[in-house]
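The values are calculated or read from the model by the stated rules, or taken from the named source; none is laboratory data. The structure presented is a predicted model; accordingly, all values stated were derived computationally and were not measured. FYI the Cβ positions are ideal-geometry reconstructions off the backbone, even for glycines, and counts take in every protein chain you see.
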């Protein structure tokens with residue numbers, strides 16, 4: 001986990017979650033396996049439940065997903081916060097993943113997604129994307145998420161040279177949907193999942 005990514009997740013927690021320091025929160029980290037560090041320390045709070053989730057078992061993985069695009073292990077509208085960092089560039093179909101994030105968030109739940117906007121290829125096992133704020137905004141809109149903030153760090157300097165990634169950040173909220181909107185969301189999500197088997 002590079003320093004620039006940890007700094008952005010720390011920013012998210014301080015700016016958007018500090019007001020919930022005394023509230024019970026369920027927080028899901030997508031792509032949580034501890035390869036070279038995790039976000040878990042950033043979410044240490046006696047009232048918060050941090051849950052690590054990944055496609056590969058290992059340290060810091062509580063839920064092992066069987067399918068990258070159909071998280072049947074996780075109930076709909078069951079999580080307050082969903083985070084992921086340095087994962088979206090490795091996902092072949094992030095427009096399906098953003099739908100799963102929206103599905104598992106409770107109404108008014110918040111997600112924070114961090115991904116590089118530049119940097120060298122680094123397959124794990126694939127390296128598909130570099131994402132700019134407009135790309136994140138488009139993904140959020142596609143999944144019916146309200147953008148709170150989207151930005152890219154082009155000027156940060158970090159001791160581990162992680163500024164090479166110029167991380168982009170999306171912070172978005174799941175709006176309260178009408179029954180018709182929920183039905184449309186479910187149909188769209190099912191259709192997307194069917195496209196990848």
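General remarks:
- Check on residue 168, within 21 Å of residue 92 (Cα to Cα), free of Cβ contacts under 8 Å to residues at least 60 places away in the same chain and within 15 Å of the chain's Cα centre (by Cα): yes
- Residues in the range 64-97 that are over 17 Å from residue 12 (Cβ atoms) and part of a helix (DSSP H, G or I): 89, 90, 94, 95, 96, 97.
- Of all residues in the range 41-50, those that are surrounded by fewer than 16 Cβ atoms within 10 Å (Cβ to Cβ) and in contact with a strand residue (DSSP E or B) (Cβ under 6 Å, 6 or more places away or on another chain) total 1.
- Residue tally, condition under 19 Å from residue 97 (Cβ atoms) and assigned to a loop (DSSP other than H, G, I, E, B), over the range 39-59: 3
- Residue in the range 13-24 that is over 15 Å from the mean Cα position of the chain (by Cα), within 14 Å of residue 109 (Cα to Cα), assigned to a loop (DSSP other than H, G, I, E, B) and modelled with pLDDT of 95 or more present: yes
- Residue satisfying all of: in the range 68-80; closer than 13 Å to residue 54 by Cβ and modelled with pLDDT of 95 or more; surrounded by the fewest Cβ atoms within 10 Å (Cβ to Cβ) among these: 73
- With respect to the conditions (1) over 21 Å from residue 147 (Cβ atoms); (2) in contact with a helix residue (DSSP H, G or I) (Cβ under 9 Å, 6 or more places away or on another chain); (3) in contact (Cβ under 8 Å) with a residue 24 or more places away in the chain, residue 67 lacks only one, and its number is (3).
- Some residue of the range 52-61 being crowded, with 20+ Cβ neighbours inside 10 Å and under 16 Å from residue 116 (Cα atoms): no
- Selection over the range 9-38 of residues that are under 13 Å from residue 169 (Cβ atoms) and crowded, with 19+ Cβ neighbours inside 10 Å gives a count of 3.
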